[in-house]
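Asker: Before I ask anything, let me first share the structure, which is written out below as structure tokens.
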Amino acid sequence: MMIIASNWKMNLDRLSAEQLLAEMGSCPVSDKVSRIVFPSFTLIDLARTTRDHIGQTVHITLGGQDCHDAASGAHTGDVSAAMLVEAGCQWVLVGHSERRQNHMEHSEKVAAKTKAAQAEGLSVMLCVGENLEERESGKAEATVTAMLAASLPQQVDADKLAIAYEPLWAIGTGMTATPSDVAAMHQAIHNYLKDLGLKDVPVLYGGSVNPDNASALLALEQVDGVLVGGASLDADSINAITLAAEN
Ligand code: 13P
């Protein structure tokens, strides 16, 4: 099973989101491919209605881009995992580098969010990645496995978990990690998860994925899918990436 995940980040208005989903719905997918869309909170309900109108067979599930680790309470501006479930989400992204950097979210917080989300029945897509300095000094794998170790709660449900490896220097830059670097990092992540007894956890790559580089990345046996930012906002691009996963 290949996962093609769209992280819309803080983009799209209602009309463009609706049109994009409708065009994604016109791209045929087999059972081999699962699509996940992470809209902004205010677009989740519209995305669900539009998806249901197209039909469940389009294999598009929805996720929130973040959640709070508390079940409820005085947390102005935050959204709980239960709220995402009620809105129709099956997934949540946690630990995205933009949250870690812009909202000072440390791995311990990411672990708490992962626990809270799984407790509500959500599947978690947990993001990890190294910065350029860590990559250039040969510390990429050590950084990512340490980040992963600190971001996983004590008890984690492997059946409701995916890891997204997103090197920071590749996000929104047009620079993509080479297939051999991606394969090596994904292998390290798979090995680490296996050592913890976490089996069959998909590991996705993210960072400037586009229709030109998707096939080479998806062809790697260590890669179980891609998490797409910029290119997921364009129907032709995300459909081309989806079709690359079919082949
Ligand atoms: P880009 O595909 O725009 O580089 O974004 C990647 C990303 O951050 C997905 O979560």
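Asker: When the chain is fully extended, how far beyond the present Cα-Cα distance does Ser180 get from Glu246, taking 0.36 nm per residue of separation?
Answerer: 21.6 nm
Asker: Ranked highest first by average number of other Cβ atoms within 10 Å, how do 5-13, 87-95 line up? Mind showing how you got there, number by number?
Answerer: Values: 5-13: 18.8, 87-95: 23.1.
Packing order, densest peptide first, comes out as 87-95, 5-13.
Asker: Using 0.36 nm times the number of residues separating Lys32 and Asp212, minus their current alpha carbon distance, what extension gain do you get?
Answerer: Details: separation 180, 0.36 × 180 = 64.80 nm, distance 2.08 nm.
Extra length from Lys32 to Asp212 when fully extended: 62.7 nm.
Asker: Most mobile of Thr42, Thr145, Thr114 per a Gaussian network model of the chain (Cα springs, under 10 Å)?
Answerer: Its mean-square fluctuation being the largest, the pick is Thr42.
Asker: GNM on the chain, C-alpha springs below 10 Å: top fluctuator among His68, His186, His103?
Answerer: His103
Asker: Continuing with the same structure: Probe radius 1.4 Å, ligands and nucleic acids left out: which of Glu136, Glu221 has the largest accessible area, and how do the rest follow? Walk me through the numbers on the way to the answer.
Answerer: Numbers: Glu136 145, Glu221 165 Å².
Of Glu136, Glu221, the descending order of accessible area is Glu221, Glu136.
Asker: While we're here: In Å², what does the accessible area per residue of the chain work out to with a 1.4 Å probe? Could you put the intermediate results ahead of the total?
Answerer: Values: 11180 Å² over 247 residues.
About 45 Å² of surface per residue is accessible.
Asker: Keeping every protein chain in place, order Asp181, Asp200 by accessible area at 1.4 Å, biggest value first, i.e. largest first. Write out the running numbers ahead of the final one.
Answerer: Working: Asp181 55, Asp200 150 Å².
Final ranking, largest accessible area leading: Asp200, Asp181.
Asker: With a 1.4 Å probe and every protein chain kept in, tell me what percent of the accessible surface of the chain is carbon plus sulfur.
Answerer: Details: 5660 of 11180 Å².
For the chain, the apolar C and S fraction of the accessible surface comes to 51 percent.
Asker: In whole percent, what relative contact order does the chain give with Cα contacts below 8 Å and a gap of six or more residues? Each step should come with its number before you reach the end.
Answerer: Working: 485 pairs, mean separation 50.6, N = 247.
Here the relative contact order equals 20 percent.
Asker: What distance in nm separates the two pseudo spin-label positions at Ser16 and Lys160, each 7 Å out from Cα along the beta-carbon direction?
Answerer: About 3.4 nm separates the two model spin labels.
Asker: To the nearest 10 square angstrom, how much accessible area does Ser80 have with a 1.4 angstrom probe?
Answerer: Near enough 10 Å² of accessible area.
Asker: Another one. Among the aspartates and glutamates, select those whose C-alpha is under 18 Å from the C-alpha of Lys113, and discard any that sit fewer than 8 residues away in the same chain.
Answerer: The reachable aspartates and glutamates, counting only those whose Cα sits under 18 Å from Lys113, are Asp66, Asp69, Asp78, Glu86, Glu98, Glu105, Asp157, Asp159.
Asker: Report the dimensions of the range 1-134 along its three principal axes from the alpha-carbon atoms, largest first, rounded to Å.
Answerer: Between the extreme Cα coordinates on each principal axis of the range 1-134 lie 40, 38, 27 Å.
The values are calculated or read from the model by the stated rules, or taken from the named source; none is laboratory data. Since the structure is predicted, the reported quantities are computational estimates derived from the model, not experimental observations. Every residue, glycine as well, gets a Cβ built from its backbone with ideal geometry; the counts of neighbours run over all protein chains shown. Areas reflect the complete protein model, heavy atoms only, side chains present, ligands, DNA and RNA absent. Shrake-Rupley method; radii C 1.70, N 1.55, O 1.52, S 1.80 Å.
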